[in-house]
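Engineer: Here you go, one structure.
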Amino acid sequence: MSRIGKAIITVPAGVTITEKEGVVTVKGPKGELSQELTGGVSIEQNDGQLTVSRPSDAKQHRALHGLYRALINNMVVGTTEGFTKKLELVGVGYRASHAGQKLELALGFSHGIVLEVPKEVIIDTLTEKGKNPIITLTSHDNQLLGMVAAKIRSFRKPEPYKGKGVRFVGEIVRRKAGKSA
């Protein structure tokens, strides 16, 4: 049996979980998220604990069991605590600034990049003298947050020779040796 799938989700106070026609909705203090359940996976809720069950031990059902348990747990955590991702711009002249939901990036191209970020994601940019600029993204939706962070990173991925580019804070970039004379 799936170790992740059979783990029990504890539902904190202030969070309500409802299932209607195969769609699970989680409401909490930070927002509301919903996820459609497929493959016969069902949920049972009793006194602050939620269990996810599957109809059989078929390979597809086992895969969906762990997946939906993880997605529902992320929805519960997101609506109570929220998620944060930090990106670091490594490179001379790389800058980031934001105005509302527009993120402006200067990543060494001839023109700046302007990205319209969804309203569910909160942006914050930090630029200190002598340090790399840091972009902080915060949201209650982990999937959306990951997509926005991956989109920003895709503009200039870290390259292996000098390590320049957009990377997650704490990400280790494998470096290559340059030319040997």
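The values are calculated or read from the model by the stated rules, or taken from the named source; none is laboratory data. Since the structure is predicted, the reported quantities are computational estimates derived from the model, not experimental observations. Positions of Cβ are generated from backbone atoms using ideal geometry, with glycine treated the same way; all protein chains shown enter the neighbour counts. Side chains included, ligands, DNA and RNA excluded: accessible areas come from the protein's heavy atoms. Shrake-Rupley method; radii C 1.70, N 1.55, O 1.52, S 1.80 Å.
Engineer: With N set to the residue count of the stretch 84-179, report its C-alpha Rg divided by 2.2 N^0.38 Å to two decimal places.
Structural biologist: Details: Rg = 13.3 Å, N = 96, 2.2 N^0.38 = 12.5 Å.
Rounded to two decimals, the normalised Rg is 1.07.
Engineer: Right, next: Can you tell me the Rg and the Dmax, both Å, for the Cα atoms in the stretch 31-74?
Structural biologist: 10.8, 35
Engineer: How large is the helix-only mean residue ellipticity at 222 nm for the chain, computed as the sum of -39500 (n - 2.57) over DSSP H runs with n ≥ 4, divided by its residue count, in deg cm²/dmol to the nearest 500? List each step's numbers first, then the result.
Structural biologist: Numbers: 2 runs with 35 residues, N = 181.
Mean residue ellipticity, 222 nm, calculated: -6500 deg cm²/dmol.
Engineer: Separate question: What does the accessible area per residue of the stretch 81-164 come to in Å², with a 1.4 Å probe and no ligands, DNA or RNA counted? Mind showing how you got there, number by number?
Structural biologist: Working: 4990 Å² over 84 residues.
Here the per-residue accessible area is 59 Å².
Engineer: While we're on this one: Choose one answer from 58, 106, 13: the residue with the largest mean-square fluctuation in a GNM of the chain with alpha-carbon springs under 10 Å.
Structural biologist: 58
Engineer: Quick check: at a probe of 1.4 Å, how many percent of the accessible area of the stretch 37-181 sits on carbon and sulfur atoms?
Structural biologist: Details: 4520 of 8690 Å².
Carbon and sulfur together cover 52 percent of it.
Engineer: Now, a different point. Work out, step by step, the length gained on full extension between residue 174 and residue 23: first 0.36 nm times the residue separation, then minus their alpha carbon distance; give nm to one decimal. Walk me through the numbers before you get to the answer.
Structural biologist: On the way: separation 151, 0.36 × 151 = 54.36 nm, distance 4.20 nm.
Difference between extended and current length: 50.2 nm.
Engineer: Just how large is the dipole of the stretch 131-181 about the Cα centre, in debye to the nearest 20, putting +1 at every Lys and Arg Cβ and -1 at every Asp and Glu Cβ?
Structural biologist: Working: 12 positive and 3 negative charges, 92 e Å.
Taking the Cα centre of the stretch 131-181 as origin, the dipole is about 440 debye.
Engineer: If you split all Cα-Cα distances of the chain into 10 Å bins from zero, what percentages do you get per bin, shortest first?
Structural biologist: Distribution as computed: 9, 29, 24, 21, 14, 3, 0 percent.
Engineer: Can I ask one more? Find the eigenvalues of the gyration tensor of the Cα atoms of the stretch 1-95, then list the square roots of 5 times those eigenvalues as equivalent ellipsoid semi-axes, largest first, in whole angstrom.
Structural biologist: Numbers: eigenvalues 175, 69, 27 Å².
Over the Cα atoms of the stretch 1-95, the ellipsoid semi-axes are 30, 19, 12 Å.
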